[in-house]
1. Tell me which residues, restricted to segment 70-128, are at pLDDT below 95 and basic (Lys, Arg).
2. Here are some residues: VAL11, VAL29, VAL18. Which one is over 23 Å from ARG120 (Cα atoms) and hydrophobic (A, V, I, L, M, F, W, C)?
3. Quick one: in segment 77-90, of everything that is loosely packed, with under 14 Cβ neighbours inside 10 Å and either basic (Lys, Arg) or touching a helix residue (DSSP H, G or I) at 6+ places or on another chain (Cβ under 7 Å) (or both), which residue is nearest to LEU6 (Cα to Cα)?
4. Of all residues in segment 91-128, which are more than 28 Å from ARG17 (Cβ to Cβ) and either touching a helix residue (DSSP H, G or I) at 6+ places or on another chain (Cβ under 6 Å) or polar (S, T, N, Q) (or both)?
5. Quick one: what pairs do we get from segment 21-40, first residue without any contact (Cβ under 8 Å) to a residue 40 or more places away in the chain and part of a strand (DSSP E or B), second surrounded by 15 or more Cβ atoms within 10 Å (Cβ to Cβ) and among the hydrophobic types (A, V, I, L, M, F, W, C), C-beta under 8 Å, 6+ apart or different chains?
6. Taking the stated definitions as given, is GLU55 assigned to a strand (DSSP E or B), farther than 15 Å from GLU117 by Cβ, over 10 Å from the mean Cα position of the chain (by Cα) and not hydroxyl-bearing (Ser, Thr, Tyr)?
7. Taking interchain pairs and intrachain pairs at least six residues apart, which have beta carbon atoms under 8 angstrom, with the first residue in segment 65-83 and aromatic (Phe, Trp, Tyr) and the second not in a loop (DSSP other than H, G, I, E, B)?
8. Can you pull out every residue in segment 65-76 that is in a helix (DSSP H, G or I) and surrounded by fewer than 16 Cβ atoms within 10 Å (Cβ to Cβ)?
Amino acid sequence: MSDKFLYEYAVLRIVPRVEREEFINAGVVLYCPSRGFLSCCIELDPQRLRALCAETDPAEVQAYLDAFRQICVGNRQCGSPIAALPAASRFRWLTATRSTVLQTSRVHPGFCTDPGETLRMLFEQQVK
């Protein structure tokens, strides 16, 4: 058995003014089907958000990010029927192309030995 596992990830982006297509990275979502792993690391930097668009309410954006996290982890009590779907379907739904304040990058593949550690590494590279 191989000690490397295929994973897919996308970067979460905050796009306060969709028509301008400017964004800040706020998190990473990673899916590793062979390990049954779907998780995300999210952190909103309100100062960076204000620098990009002073009119955007950080509390509202944080609520979107919190909902994303709850769906990602499959919290059925969050009120979204998407949270009850299998992990693969949740990942595809979360990373679907959309034109909203919260968007994701294209999905990128890779191989890892530890999906949790890979998620933390990608978060440090892409968001911090």
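1. Those that are at pLDDT below 95 and basic (Lys, Arg): ARG76, ARG98, LYS128.
2. Step by step, each of VAL11, VAL29, VAL18 is checked, and only VAL18 is over 23 Å from ARG120 (Cα atoms) and hydrophobic (A, V, I, L, M, F, W, C).
3. Restricting to residues being loosely packed, with under 14 Cβ neighbours inside 10 Å and either basic (Lys, Arg) or touching a helix residue (DSSP H, G or I) at 6+ places or on another chain (Cβ under 7 Å) (or both), the top hit is ALA88.
4. Once the filter is applied, which keeps residues that are more than 28 Å from ARG17 (Cβ to Cβ) and either touching a helix residue (DSSP H, G or I) at 6+ places or on another chain (Cβ under 6 Å) or polar (S, T, N, Q) (or both), segment 91-128 yields CYS112, THR113, PRO115, THR118.
5. ILE24/ILE14; ILE24/LEU49; ILE24/LEU52
6. When the stated conditions are applied, GLU55 does not pass them.
7. Going by the 8 Å Cβ cut-off, the qualifying pairs are PHE68/LEU12; PHE68/GLY27; PHE68/VAL29; PHE68/CYS40; PHE68/ILE42; PHE68/LEU94; PHE68/LEU102.
8. Selection gives ASP66, ARG76.
The values are calculated or read from the model by the stated rules, or taken from the named source; none is laboratory data. Not measured: the values here are computed from a predicted model. Neighbour counts are summed over all protein chains in view; Cβ atoms, including those assigned to glycine, are modelled from backbone coordinates with ideal geometry.
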